[in-house]
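What follows is a set of notes on a single structure, which appears directly below.
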Amino acid sequence: MNVRRGVVIGSSVLALVGLMLCPRLSFGSDQLRAKEVIQQTCVQCHRLEGQPDSRFNLKAPDLIWAGSKYQRSWLIRWLTGKEAPLYAKGYRWDLTEVPSKHPMVTEAEANALADYFAEHNKDPRVKIGAFDLSKVTKFEAAFGGMAYKAHACLGCHVIDENGKFIGGPQSASLVAAGQRYDQDWLFRFGQNPQDYTPHSGEFLADATEPQLRAVIGFLMVQGVKDFKYYEPWTSAEFGMANVDRGKVIYKEYCSQCHGATGKGDGPAASSLLPKPAIHANIPFEKLPMEYLYNVVNHGGPAVGKSANMPYWNLTIGQQGVADVIAYLKATFKGVPDMAAAQRGGEGAVCVQPRQTAKAPDEFLTKTNPFPASAGTIQAGKELFLKTAQPVACAMCHGEKGDGKGPMGAALAPPPRNFTCGVMMKDISDGQLFWVIKSGSPGTGMMSFAGLPEEQVWQLIHYVRSLAK
Ligand code: HEC
Ligand code: HEC
Ligand code: HEC
Ligand code: HEC
């Protein structure tokens, strides 16, 4: 009896405290205030209900789904006047050429409005969790960036590329889109933009779901500092990778090109250029996991290499990729004398037979626009040894640039020996520039198309500094 009474008293005390702390009451009045602001101000230009309609029938973007579209912090900044206009030519560019100055509200009102939208303007079509931000990989975002350009998005939406705003300002700016949109809303929008903005000049891309996800991933990292990319090689599948299963996969799916013992002599190899890599010569433990994962999972072109190296994700799945990589690491340790050769630099062929294609004329005439200063060479060195993507040059060309990197021995023809002054002096800047940007067709020299021009020139200065 006593006990029960204790519980009853206890819980009513709790309820009382709860009532005192509960923001419900003030929330209620905030909601009233928000409604007032909306009815007095916002609805002069915005619609909060109704069916999607052409921009030419509207005064401002619809707020019908405002409770699902924005990240709250962005919405508060926007409403308190801390964000740049989204439509550089004005929302109604048929009526004006200038962006509008948006009405401002106080911080408290902005918060009340955000609460109001969250309560009343949810978009029922949006599936919470449809887009998992924590699974966006660096590769996916970069691929999304390419798809963004390949699908004309740049034509109508501005983005920030290395600090420069590029693209056509016809529609909403997508600069710092990752701070603005809710990812699930953005994904739903991408599935069919016309559900939101019919006949506004919007564009329907013919994108597969993986492409759409990549583009959304790309947009969601725009303006997000230190975005934490997902690293698939840290997933559970890799934790339980199995060498024996990997061995079976290698036999069934890899040996046809790379050969039963990894010598690059499978039946398909004879007519391929470049030749399948000689796995037997690669010390796989030394390869960065990111590169290894991307070339096996996403295929050659994903790392600037031959399209004859297939993408395996669909065929063998994440577990299969993990297993076959475990097999590569357990089986292939590289050429024994490579290490010695790297240390002594002995046996490095100086003048290599060079059948490299000649760069097109517009490249051949280029000269390095940057001075060969210590700073430039240092920047080139950093890229060469460590940071160049998809993989550092040193992995093939060697730490010393003598062509004896861990992956070099897998390739025919072998990587260029940059220490060979006699040979390098006859190769022009423009030629080097072209090969780095587009790769050397039919060889293992991949394209570094993603490197900004300035970095390519820094690399060229560094490469030249190696010649003896
Ligand atoms: C005088 C017309 C006008 C009024 C009043 C107005 N807005 Fe806007 N609003 C606009 C225009 C125009 C844009 C497009 C902004 C641009 O060009 O960058 C916009 C953009 C927005 C956006 C971003 C929309 C998007 O998804 O692109 C939000 C959110 C917004 N307004 C909320 C409000 C709220 C809340 C109120 C009421 C406090 C309000 N606006 C009052 C004209 C108005
Ligand atoms: C021909 C011009 C055009 C092209 C190309 C285009 N868009 Fe749009 N986009 C629009 C228009 C118009 C809207 C509707 C919003 C508005 O009225 O400006 C829109 C809306 C959007 C929005 C929502 C903006 C907002 O805040 O409401 C996103 C996100 C978007 N587009 C992404 C893309 C992507 C990704 C691509 C490439 C696959 C693309 N767009 C290609 C014109 C274009
Ligand atoms: C249809 C032929 C073919 C098949 C099958 C194939 N590969 Fe390849 N692979 C290639 C070619 C060609 C290259 C060289 C690409 C280049 O250098 O541009 C390559 C390169 C590679 C590389 C990169 C080495 C480097 O130098 O960067 C790895 C790793 C690799 N393959 C692993 C595999 C694995 C694992 C499998 C089986 C799951 C496989 N490959 C199946 C043709 C194939
Ligand atoms: C996967 C291995 C690999 C990587 C990584 C690699 N290279 Fe190469 N590179 C080669 C091979 C193989 C050749 C020889 C190609 C040929 O003979 O045409 C080569 C040739 C070259 C040449 C010679 C061009 C000529 O006309 O003779 C240059 C310059 C070059 N690479 C620069 C780089 C730079 C800079 C990087 C890093 C950003 C890099 N490479 C990364 C394999 C690689």
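Just one of Ala130, Ala110, Ala147, Ala114 is part of a loop (DSSP other than H, G, I, E, B) and more than 16 Å from ligand 3 (Cβ to nearest atom); which is it? Steps first, please.
Values: Ala110 fails: part of a loop (DSSP other than H, G, I, E, B); Ala147 fails: part of a loop (DSSP other than H, G, I, E, B); Ala114 fails: part of a loop (DSSP other than H, G, I, E, B).
One residue alone meets the criteria, Ala130.
Hand me the list of helices (runs of 4 or more DSSP H) wholly inside region 361-468 holding 2 or more residues that are small (Gly, Ala, Ser) and in contact (Cβ under 8 Å) with a residue 12 or more places away in the chain.
Per the criteria, 374-382.
Within region 274-294, does at least one residue satisfy the condition of being of a type in the set (S, T, N, Q), more than 16 Å from ligand 1 (Cβ to nearest atom) and either within 24 Å of His397 (Cα to Cα) or in contact with a strand residue (DSSP E or B) (Cβ under 8 Å, 6 or more places away or on another chain) (or both)?
yes
Would you confirm, using the coordinates I've provided, whether Asn281 is within 16 Å of ligand 4 (Cβ to nearest atom), more than 20 Å from Lys333 (Cα to Cα) and in contact with a Gly (Cβ under 9 Å, 6 or more places away or on another chain)?
Numbers: within 16 Å of ligand 4 (Cβ to nearest atom): yes; more than 20 Å from Lys333 (Cα to Cα): no; in contact with a Gly (Cβ under 9 Å, 6 or more places away or on another chain): yes.
Answer is no for this residue.
Check off (1) at positive phi; (2) surrounded by fewer than 20 Cβ atoms within 10 Å (Cβ to Cβ) for Gly167 and give me the number that stays unchecked.
(2)
State all residues of region 81-100 that are touching a residue at least 12 places away in the same chain (Cβ under 8 Å), within 12 Å of ligand 1 (Cβ to nearest atom) and over 31 Å from the mean Cα position of the chain (by Cα); if no residue qualifies, say none.
Matches in region 81-100: Arg92, Trp93, Ser100.
For the condition part of a loop (DSSP other than H, G, I, E, B) and among the aliphatic types (A, V, I, L, M), what is the one hit in Val98, Val37, Val43? Reasoning before the result, please.
Details: Val37 fails: part of a loop (DSSP other than H, G, I, E, B); Val43 fails: part of a loop (DSSP other than H, G, I, E, B).
Only one candidate qualifies: Val98.
Please specify each residue of region 323-360 satisfying the condition of being of a type in the set (D, E, K, R), modelled with pLDDT under 90 and not in a loop (DSSP other than H, G, I, E, B).
Within region 323-360, Asp337, Arg343 qualify.
The values are calculated or read from the model by the stated rules, or taken from the named source; none is laboratory data. The model shown is predicted, which means the values in this text are computed figures rather than measured ones. FYI the Cβ positions are ideal-geometry reconstructions off the backbone, even for glycines, and counts take in every protein chain you see.
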